[in-house]
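Asker: Sharing a structure here in structure tokens format.
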């Protein structure tokens with residue numbers, strides 16, 4: 001996966017510094033399975049392994065407590081937070097469209113510019129953490145045109161608009177598809193915000209019953 005090569009290199013450097021899988025995962029906001037796959041060939045001696053295992057257990061417990069505190073704090077304040085219509089609408093939409101697999105990352109993917117613009121607006125209200133935009137393109141779309149289009153929609157600088165080419169099957173010449181500007185995904189590595197979103201989702205579901 002070439003688009004993650006720079007992150008893989010960073011993960012390997014951290015492993016060479018005797019960091020545990022959990023520490024690297026939390027540092028880079030990526031799943032443990034991904035980190036393990038990237039660094040499994042870097043050996044650790046027995047003493048280091050024991051120390052890493054102990055440190056990993058302590059670190060895991062620490063982060064469990066921190067994540068739970070973030071969740072509980074937001075849940076207690078959910079009524080007030082959800083009075084903001086933008087946040088409320090974003091939370092409801094996130095239930096269906098949001099990225100849920102990684103507890104350390106927030107993300108929404110859609111081809112509708114208005115939805116992406118709305119998500120950017122909501123994220124800026126919820127957090128001051130930086131985010132970026134991944135655009136899935138096709139061979140018959142112009143990269144620079146896509147960058148400027150989604151840059152205007154998201155309000156992000158062009159260097160934060162990342163274009164990834166999807167090699168579609170068949171002959172694309174003359175194709176009349178609906179995705180004139182590809183599909184955009186807003187990504188943010190932010191464990192705290194993910195826990196807060198989960199709390200707001202759970203609270204909202206409870207109000208529906």
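Asker: Rounded to two decimals, what is the ratio between the C-alpha radius of gyration of the chain and 2.2 N^0.38 Å?
Answerer: So the Cα radius of gyration is 1.19 times the expected 2.2 N^0.38 Å.
Asker: What is the Rg over Rh value, at two decimals, for the range 94-209, using alpha-carbon atoms and the Kirkwood definition of Rh?
Answerer: Here Rg/Rh amounts to 1.03.
Asker: Starting from the Cα of residue 205, step 7 Å along the direction of its Cβ; do the same at residue 85; then give the gap between the two resulting points in nm.
Answerer: With each label placed 7 Å out from Cα toward Cβ, I get 2.7 nm.
Asker: Quick check on the range 85-208: of the DSSP beta bridges with both residues there, what percent are antiparallel, nearest 5%?
Answerer: Percentage antiparallel, nearest 5: 70.
Asker: Evaluate the relative contact order of the range 2-76 (contact order divided by residue number), counting alpha-carbon pairs under 8 angstrom at least 6 apart; express in whole percent.
Answerer: So the answer I get is 32 percent.
Asker: Continuing with the same structure: I want to verify a result. In a Gaussian network model of the chain, Cα cutoff 10 Å, which of these has the top mean-square fluctuation: 179, 28, 158?
Answerer: Among 179, 28, 158, the largest GNM mean-square fluctuation belongs to 179.
Asker: If you don't mind, another one. Report for the chain the percent antiparallel among DSSP-assigned beta bridges with both residues inside it, nearest 5.
Answerer: 70 percent
Asker: Also, quick follow-up: Express the relative contact order of the range 85-208 as a whole percentage, based on alpha carbon pairs under 8 Å and six or more residues apart in sequence.
Answerer: In percent, rounded to a whole number, it is 38.
Asker: For the chain, set up a Gaussian network in which alpha carbons nearer than 10 Å are linked by springs, and say which option among 11, 199, 58 fluctuates the most.
Answerer: Result for the chain, Cα springs under 10 Å: 58 fluctuates most.
Asker: At a Förster distance of 22 Å, what's the computed FRET efficiency of residue 4 paired with residue 57, Cβ-Cβ distance as r, to 0.05?
Answerer: 0.20
Asker: For residue 32 and residue 142, calculate 0.36 nm times their separation in residues minus their Cα-Cα distance, and state this gained length in nm to one decimal.
Answerer: Contour length minus the Cα-Cα distance gives 36.0 nm.
Asker: Now a separate question. Suppose we take every Cα in the range 2-76 and form the convex hull; what volume per residue is that in Å³?
Answerer: 90 Å³
Asker: Given labels modelled 7 Å from the Cα in the Cβ direction, how far is it in nm from residue 125 to residue 96?
Answerer: 1.9 nm
Asker: In the range 14-44, which residues have a backbone nitrogen under 14 Å from the label point lying 7 Å from residue 103's Cα in the Cα-to-Cβ direction?
Answerer: Within reach of a label on residue 103, which here means backbone N under 14 Å from a point 7 Å along Cα→Cβ, the range 14-44 contributes 22-23, 25-27, 29-33.
Asker: So, one more: Expressed as a rounded percentage, what relative contact order does the range 1-139 have, with Cα pairs under 8 Å and six or more residues apart?
Answerer: 18 percent
Asker: Between residue 44 and residue 111, what FRET efficiency follows from the Cβ-Cβ distance if R0 is 45 Å, with the result rounded to 0.05?
Answerer: 0.50
Every number here is computed from the coordinates shown, using simple stated rules; none is lab data. Everything numeric here is computed off the predicted structure, so don't read it as measured data. When we count neighbours, we look across all protein chains shown, and the Cβ atoms used for this are built from the backbone with ideal geometry, even at glycine.
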